[in-house]
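Below is one structure; the comments refer to it alone.
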Number of protein chains: 4
Amino acid sequence: MAYESKAVRRVEFSETDMAGIVHYSNFFRYMETAEQGFFRSLGFSLVTDKTDPPIGLPRVHAECDYLQPLRLDDEVEIHMLVCEKKSKALSYLFRFRKLNASPPFEVARGKLTVVCVTHGADGKMESVPIPKALADKIEVAPAEMLK
Amino acid sequence: MAYESKAVRRVEFSETDMAGIVHYSNFFRYMETAEQGFFRSLGFSLVTDKTDPPIGLPRVHAECDYLQPLRLDDEVEIHMLVCEKKSKALSYLFRFRKLNASPPFEVARGKLTVVCVTHGADGKMESVPIPKALADKIEVAPAEMLK
Amino acid sequence: MAYESKAVRRVEFSETDMAGIVHYSNFFRYMETAEQGFFRSLGFSLVTDKTDPPIGLPRVHAECDYLQPLRLDDEVEIHMLVCEKKSKALSYLFRFRKLNASPPFEVARGKLTVVCVTHGADGKMESVPIPKALADKIEVAPAEMLK
Amino acid sequence: MAYESKAVRRVEFSETDMAGIVHYSNFFRYMETAEQGFFRSLGFSLVTDKTDPPIGLPRVHAECDYLQPLRLDDEVEIHMLVCEKKSKALSYLFRFRKLNASPPFEVARGKLTVVCVTHGADGKMESVPIPKALADKIEVAPAEMLK
């Protein structure tokens, strides 16, 4: 059973904007880096045909609070924690920490809610329960870690 | 006095992901399209040296709820409404509508909160009141439009 | 028969980088804007199942020469011209002009070569002739326009 | 004296497109990952005020040949080699190899040419010789590596 994942990225030139800082939309791509690592660690992928039925995990809610900017060459740790688990949906909390600082400090906090979908015969997405092979490997993080 | 802005985009191939729909992070770029048009209509820019002091508007909060996916070549209208105005901060509501449908329908709803900053002598960003030349042109949208 | 397409974009904040100019990778996304409009004007899409077989047009070569930078709020025209047509491949020339200048001037020039592919029974892409329904609508631009 | 740099990335969900493969524009962002690592290894940054004058390295030419697609979770090595050094410009060759294959194989090859610029008193970019502190650390790769 797993409830967390960590990823580290270095801020790239293409992620900055003319204000000299990481464009805010990129934090949502950073979240996915940690999420993708989470599913990879469980033997799955963000879009997978290893389950029956094949599933994807489109987002129904995304949010982020920005505390401090990130700049070129900064190292950022993205810590993902499962904060809610329903039959057809998962929610994650994300904490972003700037590592190249003494001591490292939190620069942002985010949240995603995803639903489990498959593609019906007509090609349309329809929500389905998270396949047991995957669901059995995921649990909610301990309450004290989610504060 | 202005409180809204509309922009229309057509979904581009590079905005889709392997699930065949617009990647969720792009809705945050779409929000900026409408916001940028709002400031341009007032004679300003998202980063401007036309005010004293020169200012930028980094985001401190961003969120989006996704109702329906967007696909290649879809036409989406982004309707931005000012929903809060403080001395140093603004919040906007965004409604996304898919136009190439009969009738058009809402596909997502978002919110941004931005703060007004300038760069101090040491290069660091510090929050400042929205310059009067700009603030005087912005008002909160009527309550019934924000429901 | 068609051999050209034009698109106009306004430079967005999220397309700039910390050097204050449009990140060079975005010119390749701009090229697609014009290319997507070209296929849309012919009744097709960049990825289409309206042909038999369904096809996509992955790139095998891309290049761009950058003459002048683009900045926030600049208006850029992307002019695409078909410069080569083979049974399984197309090449396009792109001219980028900054419109908000008197007179407008060229800021970049690019080229793409795409191949027509379909997905085999094993899911792998394989190159196929451009379906006649599409190929019959495309011709190479007059030589004097390609100088 | 340095003439090469290697970086490894794992393909992210946000880098794919609806064709199920990495969008071609992202290879140009991947090139920068290796280039950024090259300058970091020399004690500099892609945009630096550690030199006199402060410099940036905007691109004047970019190209890429695509041999095989990359997909979600693929591991790609980007090998950058300095292939030309002039007083005001550098050119690099890039080889992309898919590592999660036996044996790994080349999936793309790219090239960038950058010029050294500083910002004049009027804010405009002007080309300048690469500062000696930086230029003295860079050499062209051995000819046999550039074949």
Kindly provide the set of residues from segment A:1-21 that are out of contact with any His (no Cβ under 6 Å at 6 or more places or on another chain) and within 9 Å of chain C (Cβ to nearest Cβ), ordered by number. A:PHE13, A:GLU15, A:THR16, A:MET18, A:ALA19, A:GLY20, A:ILE21
Filter result for the condition that a residue is at pLDDT below 95, out of contact with any His (no Cβ under 7 Å at 6 or more places or on another chain), open to solvent by less than 80 Å² (accessible area, probe 1.4 Å) and small (Gly, Ala, Ser), over B:ALA101, B:ALA121, B:ALA108, B:ALA133: B:ALA133
Matching entry among D:ALA133, D:ALA143 (being over 14 Å from the mean Cα position of the chain (by Cα) and free of Cβ contacts under 8 Å to residues at least 12 places away in the same chain): D:ALA143
Can you find a residue in segment C:55-68 that is in a loop (DSSP other than H, G, I, E, B) and within 22 Å of A:GLY123 (Cα to Cα)? yes
Right, C:ASP65: of a type in the set (Asp, Glu), surrounded by 23 or more Cβ atoms within 10 Å (Cβ to Cβ) and within 20 Å of C:PHE96 (Cβ to Cβ) or not? no
Mind listing whichever residues of segment A:68-87 are more than 24 Å from A:LYS147 (Cβ to Cβ) and either within 14 Å of chain B (Cβ to nearest Cβ) or surrounded by 15 or more Cβ atoms within 10 Å (Cβ to Cβ) (or both)? A:PRO69, A:ARG71, A:LEU72, A:ASP73, A:ASP74, A:GLU75
Restricted to segment D:136-147 and to residues being among the aliphatic types (A, V, I, L, M) and open to solvent by 20 Å² or more (accessible area, probe 1.4 Å), the residue farthest from D:SER5 (Cα to Cα) is D:ALA143
Just wondering, is there one or more residues in segment D:42-53 that are open to solvent by less than 30 Å² (accessible area, probe 1.4 Å), aromatic (Phe, Trp, Tyr) and more than 14 Å from chain C (Cβ to nearest Cβ)? yes
Flag for B:LYS6 being part of a loop (DSSP other than H, G, I, E, B), in contact with a helix residue (DSSP H, G or I) (Cβ under 9 Å, 6 or more places away or on another chain) and open to solvent by 10 Å² or more (accessible area, probe 1.4 Å): no
Have a look at A:TYR24, A:TYR30 and point out the one that is surrounded by 20 or more Cβ atoms within 10 Å (Cβ to Cβ), assigned to a helix (DSSP H, G or I) and either within 11 Å of chain B (Cβ to nearest Cβ) or in contact with a Leu (Cβ under 9 Å, 6 or more places away or on another chain) (or both). A:TYR30
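The values are calculated or read from the model by the stated rules, or taken from the named source; none is laboratory data. Every value quoted in this text rests on a predicted model; they were computed, and no experiment measured them. Here Cβ is always computed from backbone atoms with ideal geometry, including for glycine, and neighbour counts include all displayed protein chains. Protein only, heavy atoms only, side chains kept; ligands, DNA and RNA dropped before computing areas. Shrake-Rupley method; radii C 1.70, N 1.55, O 1.52, S 1.80 Å.
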